[in-house]
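Trainee: The structure's right below; bear with me while I get my questions together.
The values are calculated or read from the model by the stated rules, or taken from the named source; none is laboratory data. Fair warning: this is a prediction, and the values are worked out from it, not measured in the lab. Backbone-built Cβ (ideal geometry, glycine too); neighbour counts: all protein chains shown. Please note that ligands, DNA and RNA were not included when accessible areas were found on the heavy atoms of the full protein model with its side chains. Shrake-Rupley method; radii C 1.70, N 1.55, O 1.52, S 1.80 Å.
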Amino acid sequence: QVQLVESGGGLVQPGGSLRLSCAASGIIFSAYHMGWYRQAPGKQRELVATVTSGGSTYYADSAKGRFTISRDNAKNTVYLQMNSMKPEDTAVHYCNAHVGLISYWGQGTQVTVSS
């Protein structure tokens with residue numbers, strides 16, 4: 001059974017930082033490309049950042065310079081370090097694992113940026 005379990009969400013003030021974690025089980029983690037997506041109320045789910053199985057990274061414009069995605073294959077975990085956070089980062093953040101046509105999603109973790 002495949003599971004992606006996100007953690008690390010919460011309430012943070014503007015300018016603050018959070019680190020999200022996504023622990024994967026039931027997959028050969030090192031073979032999967034991993035990503036973080038987010039969905040704000042009333043909006044479509046959007047890509048935040050991805051890291052390939054080979055370690056290459058991609059960031060949405062909104063994340064560039066502020067967020068860092070990384071993976072630890074030994075721990076089957078992908079991280080999203082979020083710095084200089086803004087109110088518009090408020091959303092449910094989802095972890096995704098995909099390879100080919102296979103895609104798995106976590107249940108999401110709420111991130112709220114507010115003073």
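Trainee: Leaving out ligands, DNA and RNA, and with a 1.4 Å probe, what % of the accessible surface on the chain is carbon or sulfur?
Mentor: 49 percent
Trainee: Shifting gears a bit: Counting only other residues whose beta carbon sits under 13 Å from that of residue 20, what net charge do I get with K and R as +1, D and E as -1?
Mentor: Local charge sum for residue 20: +1.
Trainee: Stokes-Einstein diffusion coefficient for the chain at 4 °C in a medium of 1.567 mPa s, Rh from the Kirkwood formula over Cα pairs: what value in µm²/s?
Mentor: Details: Rh = 14.0 Å.
In µm²/s, the coefficient is 93.
Trainee: Pulled fully out, how much extra length does the chain show between residue 107 and residue 17, if you take 0.36 nm times their separation in residues and subtract their Cα-Cα distance?
Mentor: Stretched out fully, the residue 107 to residue 17 stretch lengthens by 30.2 nm.
Trainee: Label-point separation (nm) for residue 61 and residue 40, each offset 7 Å from Cα along Cα-to-Cβ?
Mentor: Computed distance between label sites residue 61 and residue 40 equals 1.4 nm.
Trainee: At residue 84 and residue 27, where each label point lies 7 Å from the Cα along Cα→Cβ, what is the point-to-point distance in nanometres?
Mentor: Distance between label points: 3.0 nm.
Trainee: Using the heavy atoms of the protein chains alone and a 1.4 angstrom probe, what is the accessible area of the chain per residue in square angstrom?
Mentor: 52 Å²
Trainee: Still on this model: I want to make sure I understand the PRE zone here: with the label point 7 angstrom from the Cα of residue 52 toward its beta carbon, which residues in region 87-115 have backbone N atoms less than 20 Å away?
Mentor: Under 20 Å, as judged by backbone N against the label point of residue 52, lie 96-104 of region 87-115.
Trainee: I need the phi-derived Karplus couplings for region 32-37: 6.51 cos²θ - 1.76 cosθ + 1.60, θ = phi - 60°, integer Hz, Gly and Pro marked x.
Mentor: Once θ is set to phi - 60°, the couplings for region 32-37 become 9, 7, 10, x, 10, 10 Hz.
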